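Worksheet for the structure shown next.
The values are calculated or read from the model by the stated rules, or taken from the named source; none is laboratory data. Keep in mind the model is a prediction, meaning the values are calculated, not measured. Because the Cβ atoms are built from the backbone with ideal geometry, glycine has one as well, and the counts that use them run over all protein chains shown. Keep in mind that these areas ignore ligands, DNA and RNA; they rest on the heavy atoms of the full protein, side chains included. Shrake-Rupley method; radii C 1.70, N 1.55, O 1.52, S 1.80 Å.
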Amino acid sequence: MKLEVSDQTATIELAPSLDIFVAEELLALFVDADNQSLDLNINAQGVEKASTACLQIIHSAAVSCIEADRAFQITEASDALVTAFKDLGLYSKITMRS
Amino acid sequence: MSTNDFDLDQFKATYFEECAELLIDAETRLADLQHNPESVDAEDLNAIFRVVHSVKGGAGAFSFDQLVGFAHIYEALLDRMRQGEIQITEDIVTLLLSANDILTNLIQAAQNGTTLPEEDFIEVKNKLNLLAFDQPANTSSEPSESETVTSGEKRVQKYIISFIPKPELLQHANEPLLLVREMKELGQLTTTVNTDRLPSIQKIISDEAYFSWVFELVSDCSLSDVEEVFEFVTEDCDLEIKIHNETEAKTEKQEQASPELVSESPSDSGTKKSLEATKQQAVEAMQAPTIPTPPSGKPTPTGNNQAPQRVSSIRVELDRVDRLVNMVGELVITQAMLRQQVDNLPSELAAFMAKGFEDLGMHTREIQESVMAVRMQPVKSVFARIPRLVRELATKLGKKVELETSGEHTEVDKTVIEQLSDPLTHMIRNSLDHGIEETPADRVKAGKPELATVTLSAEHRSGRIHIIVTDDGRGINRERVKAKAIEKGIISPDENLSDEAIDDLIFSPGFSTAEEVTDVSGRGVGMDVVRRNISNLGGRISVQSTPGKGTKFIMSLPLTLAVLDGMVVAVGKEKFIISLTAIIESLRPTKTELHKLSNGAEVVALRGEYIRLVKLHRLFNIPDAQRDPSQALVVVVEIEGGKQVGILVDELLGQQQVVIKSLEENYDPVAGISAATILGNGMVALILDVDGLDAMARQASHKHEPPEQTGLLDTEKAPQKIDPPNQLKASLTDNKSALPADDHSEDETRKYEVME
């Protein structure tokens, strides 16, 4: 996973396996984006597996963006990610486009 | 990512360790089922179910899909069985045993990073599917929502579950997503998440749990089914499970503490009110930063027992325990050192210190015993692997064999347990391959039942553990063994060996009587390795056989490899330790009680029995030692097979608990010495291997044996071979001829020979 910045928007392509072991890496990317006050565009096309740890981080990043009046969106979310959001009861809390 | 990969491996290693333990439990309980399919203990079924459930849960976390798929079906069948929907028959138990074997193989495959070919287990999988879901394997076995919710006979209930993870929940490899998905399998689930505890992205910690949830589960499952979903996270969360249509909410703890909860007939308004109240309570509970306050009207649990108290054990790395054992060992040595120094103090001071040292000694011993108890494990963990081994071997060999076990709960140090598996496996293989008759028909011909019996037992005896493998097979064919030993040059053709000595030849390196090399027992190189490995552990193995009736292998091992209660003895200026458990008595023999055999061996007559003397000063070339047995002390010890030998020492210095330091690890194996220790004065003392000493003494006397004489003389047979005048002469002469301090034992031996 890496951060690509263009026009004040950071794009992050999520790893296929969003397990707890990549949570730290994911958090670092979001903190980096937050430090630069960037909008966030998350590409979740390739996510095959998700974990609560990563979903918490994504949700926190979303809330932090929204509170700072910056844009946050998840695009092309895979079924695995959508199911995980639904399962944890988070589906309604953020905007998703699939 | 390398760090992450490492972490993942650590979690996986823990999972596989747990799987190994779980499988042992399942195997043991399945063996119980196999023996008594008619009187099944419900707890056994529940326990096996939990094993499979746990294996499945972990496998899901690591995406071992093949394992998850199989475990799911196996678990479903077990669930039906424990609900009483499927009657337990012998066939079913056989199927469960096969399923367990497959589960083991799938875990092994997952551990190796491979998968099993589907054809290896499709037959069993299909059978499981038919029983569990009334459908073959290729149709979906996942229960549909409608099936789960609308059960015609069972009562559908709504459970309100407040689940507030503690921050460390995720760090302990628990995944709420899996819990949610498991609940979805039970029925219709509505999830309400509370994100209030979630910090900003700058403050969040990646592996801490912040979300909490209230779940509404509509299902016909039981409360215990719901509780089971959370059974592995109870320590890492605050959990409340309430049944909506009962006024008195049931929590796990209350159910245990007060089973007489009152039910209220559900009315619509009452139900809604109750639901709202429950929801409110749950939300309040979730928002509370700490443990939720019990709802009003509920009896407040006494004391600080909000968290579930069900876990009574923890998993600790063996390294940590080993460090503790080592430190306790050092403590024992330091205590012995201090005690020795106190002896040198003036008598008033020494007396003053004595009480304190008595207490210190007692506490040190208690600490040591407690620490050692931590490492003690029942041999069940090793025994549990044997039924499968027997099943597989019996099938492979076309034999009908039943395994009987006893003493599985006998405890022994973990270090010994770890070393037990290989020799035991080999002994069992030998029993099945060589011990049991070729075919069931051969057994019938020999007047035995078709079904052969192999018995595996464990027991504590004389401070050691005895593992005994017995079969009711054909016994050792001594003629064949002897012929083979001559053919291989292990013995010479003119050697006249006792039955026992012939049986013992099977432990000779490279010995095998198998006409064909089989893939079961291999090339017969095993039994010598078995003996060597056991010997390295301070243990011994012997065999007893009755032709036509069967063979018994007896493996005797120390209970622990860490400490020993010993008697410190002096020989010349040397100090040795003899294990207290081996010592029977000590005595100073009179001259008339001492006799010498024609092969040079000396015996002491004790209450009508003759006991072989082992002279340490001679075996170890120790100068300045007391050479006259009537002036020295004889420590009578028990050796293998219940025989006794007398070890000649100068004096007994006292009992002492000593810390065993392995010679194999720190130096090299030494004949007659099992290990070393450090005494209070910092000096190294050697711990005697009494069996080894006996063997050395026998070899020494064997060298002096005239060629025409028969083999080594057993102590029991001694009286028939004694020539009293010669013995007396020898003893007296020995007494008269005090050798110079620097004399060598060989010289002394020569003198004995001349005298005879």
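Given the residues B:495, B:450, B:516, which is the only one that is of a type in the set (Asp, Glu) and at pLDDT 85 or above? None of the other options fit; the residue is B:450.
Among the criteria (1) assigned to a strand (DSSP E or B); (2) out of contact with any Asp or Glu (no Cβ under 8 Å at 6 or more places or on another chain), the one residue B:624 does not fulfil is (1). Taking only the range B:230-249 into account, find how many residues are within 14 Å of another protein chain (Cβ to nearest Cβ) and open to solvent by less than 10 Å² (accessible area, probe 1.4 Å). The total comes to 2.
Table: residues versus (1) modelled with pLDDT of 50 or more; (2) open to solvent by less than 40 Å² (accessible area, probe 1.4 Å); (3) among the charged types (D, E, K, R).
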residue: B:676; (1), (2), (3): yes, yes, no
residue: B:683; (1), (2), (3): yes, no, no
residue: B:709; (1), (2), (3): no, no, no
residue: B:713; (1), (2), (3): no, yes, no
residue: B:716; (1), (2), (3): no, no, yes
residue: B:719; (1), (2), (3): no, no, no
residue: B:723; (1), (2), (3): no, no, yes
residue: B:747; (1), (2), (3): no, no, yes
residue: B:752; (1), (2), (3): no, yes, no
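Taking the criterion of being at the interface with chain A (Cβ under 9 Å from one of its Cβ atoms) and open to solvent by 40 Å² or more (accessible area, probe 1.4 Å), the residues of the range B:150-174 that qualify are B:171, B:173.
This table checks each residue for (1) among the basic types (Lys, Arg); (2) surrounded by 20 or more Cβ atoms within 10 Å (Cβ to Cβ); (3) in contact with a Gly (Cβ under 7 Å, 6 or more places away or on another chain); (4) not assigned by the TED database to the domain that holds residue B:79.
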| residue | (1), (2), (3), (4) |
| --- | --- |
| B:181 | yes, no, no, yes |
| B:197 | yes, no, no, yes |
| B:201 | no, yes, no, yes |
| B:204 | no, yes, no, yes |
| B:218 | no, no, yes, yes |
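From B:359, B:433, grab the single residue that is part of a helix (DSSP H, G or I), farther than 28 Å from residue B:451 by Cβ, of a type in the set (D, E, K, R) and open to solvent by less than 60 Å² (accessible area, probe 1.4 Å). Even if it seems obvious, please write down each step before you answer.
Working: B:433 fails: farther than 28 Å from residue B:451 by Cβ.
So the residue among B:359, B:433 that is part of a helix (DSSP H, G or I), farther than 28 Å from residue B:451 by Cβ, of a type in the set (D, E, K, R) and open to solvent by less than 60 Å² (accessible area, probe 1.4 Å) is B:359.
When the range B:572-606 is limited to residues that are polar (S, T, N, Q) and not in a strand (DSSP E or B), the one that is most open to solvent (accessible area, probe 1.4 Å) turns out to be B:592.
Residue-wise test of (1) open to solvent by 50 Å² or more (accessible area, probe 1.4 Å); (2) under 25 Å from residue B:680 (Cβ atoms).
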{"position": "B:339", "(1), (2)": "yes, yes"}
{"position": "B:346", "(1), (2)": "yes, yes"}
{"position": "B:350", "(1), (2)": "no, yes"}
{"position": "B:387", "(1), (2)": "no, no"}
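Scanning the range B:607-647 for residues that are in contact with a His (Cβ under 8 Å, 6 or more places away or on another chain), in contact (Cβ under 8 Å) with a residue 60 or more places away in the chain and open to solvent by less than 40 Å² (accessible area, probe 1.4 Å) turns up just one, B:627. Only one of the listed residues (B:45, B:103) is under 30 Å from residue B:318 (Cα atoms) and part of a helix (DSSP H, G or I). That residue is B:103. Out of (1) at pLDDT below 85; (2) closer than 17 Å to residue B:468 by Cα, the odd one out for residue B:544 is which? Unmet condition: (1).
Selection of the range B:152-191 for residues being more than 13 Å from residue B:208 (Cβ to Cβ) and among the acidic types (Asp, Glu) yields B:153, B:175, B:182, B:185.
Among the residues making up the range B:436-447, those that are more than 32 Å from the chain's Cα centre (by Cα) and surrounded by fewer than 20 Cβ atoms within 10 Å (Cβ to Cβ) are B:439, B:440, B:441, B:442, B:444, B:445, B:446, B:447.
Can you tell me which residue within the range A:1-20, out of those that are open to solvent by 10 Å² or more (accessible area, probe 1.4 Å) and in contact with a helix residue (DSSP H, G or I) (Cβ under 7 Å, 6 or more places away or on another chain), is nearest to the other protein chains (Cβ to nearest Cβ)? Across the range A:1-20, the extreme among qualifying residues is A:20.
Residue-by-condition table, conditions (1) assigned to a loop (DSSP other than H, G, I, E, B); (2) among the charged types (D, E, K, R); (3) open to solvent by 30 Å² or more (accessible area, probe 1.4 Å); (4) more than 9 Å from chain B (Cβ to nearest Cβ):
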| position | (1), (2), (3), (4) |
| --- | --- |
| A:22 | no, no, no, no |
| A:29 | no, no, no, yes |
| A:42 | no, no, no, yes |
| A:47 | yes, no, no, yes |
| A:64 | no, no, no, no |
| A:70 | yes, yes, yes, yes |
| A:77 | yes, no, no, yes |
| A:81 | no, no, no, yes |
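Test residue B:421 against the stated conditions and say whether it is outside the structural domain of residue B:32 (by the TED database), closer than 21 Å to residue B:662 by Cβ and open to solvent by 20 Å² or more (accessible area, probe 1.4 Å). Yes, satisfied.
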